[in-house]
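Bear in mind that the values in this text are calculations on the coordinates, not laboratory data. The structure displayed is predicted, hence computed values, not measured ones. Backbone-built Cβ (ideal geometry, glycine too); neighbour counts: all protein chains shown.
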Amino acid sequence: MRGENKRSVIVGIFVFLGIAILVAGILTLGGQQKKFVKAIQLKAVFDDIGGLQAGNNIWFSGVKIGTVRKINFYGDSQVEIEMNVEQKVVDFIRKDSKATISSDGLIGNKIIVIYGGTTMAPPVQDGDRLEAVMPMNTDQMMETLQANNENLVEITGNLKNLTSKLAEGEGMVGAALTDSLIGVNFKAIVENLNKASINSNRMIAELQSFSAKLNKEGSLFNDLVTDTTMANDLRHTMESFRQAAANSEKMTQKLSEVTDKFNDPNNSMGMLLNDPEFAETLKSTLENTDSATYNLNRGMEALEYTWPFNKGFKRKQKAEAKENK
């Protein structure tokens, strides 16, 4: 009798521990699955969920906020995901937020990540559908990695060829690395550039000094720039020069016309300057006139001694002598 009671007590203890473990497990799983918290339902439609299952977690800004409640086929070949999201985070999720499928670690379980959203949009409500963004699947990642690997192999081969050519002294860079004379010349070029830079700085300083002198008050350049009266005088002077140039041009034109007339043999001046026959005739006439004048002078001298005019010339000489006294 006592042994049966002892056995019953032991069985009761094991049953109680089993029930306690079962309750603890239910509470733990319920806590992980957000079964005992207030939640709302959100939906998203994907073309491919990539192995996502009911019960997988939902994350927002790195915080687990719910679980996948149900997976349904939608339309022709799409999949609708129903999500249980905690009520306390609803104010932070906006209607323009997006949902995508990711992994919990590199090869972990699939999860849904809610991200984005602006304060311009209102918070989500029970039954809202979020915009779904398809993630890059594993095959696409492997293709991308394969392409990157091929590019890396090609770049490595090119670097190998380049370093080989540099070591052998091929090309300008290789020659610069292996030829000491080129290095000396390059050093000389750098020194010349340094000297040119120093000279440029000196020239800039001198230009600044010259500019400061030009801008000094009382200088001619400063007066030309700042004195409006001098500017007006200079403007009038330039206008006078312009008028003088115009008058000179007119005078030159008139002189050109006069010169053309001098060169025209149809007028008297042109005939005098350009007709050689007329010139010879004029020269002969002048010679004849000179000869006639000479003969006339001699005839007048001879008249003084002729009888009709002798008394007249004597009276004239007496009158002149009397006036001289």
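In table form, for the structure just shown:
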| item | result |
| --- | --- |
| Ala24 paired with Lys195, simple spin-label distance in nm, labels 7 Å along Cα-to-beta-carbon | 9.0 nm |
| Table column - 3J(HN,Hα) (Hz), segment 283-289, Karplus curve with 6.51, -1.76, 1.60, x for Gly and Pro | 5, 5, 4, 5, 5, 5, 5 |
| Additional length obtainable on full extension of the chain from Glu280 to Ser256, 0.36 nm per residue less Cα span | 5.9 nm |
| Shape of segment 76-163, Cα gyration tensor, a/c cut at 1.5 | prolate |
| Near-label residues of segment 76-90 by backbone N, under 11 Å of a point 7 Å along Cα→Cβ of Ala54 | 82 |
| Neighbourhood charge, 11 Å Cβ-Cβ cut-off, centred on Arg129 and excluding it, Lys, Arg +1 and Asp, Glu -1 | -2 |
| Nitroxide proxy distance, nm - points 7 Å out along Cα→Cβ at Thr118 and Tyr74 | 2.4 nm |
| Linear extension gain, Leu17 paired with Thr156, 0.36 nm per residue minus alpha-carbon span | 43.6 nm |
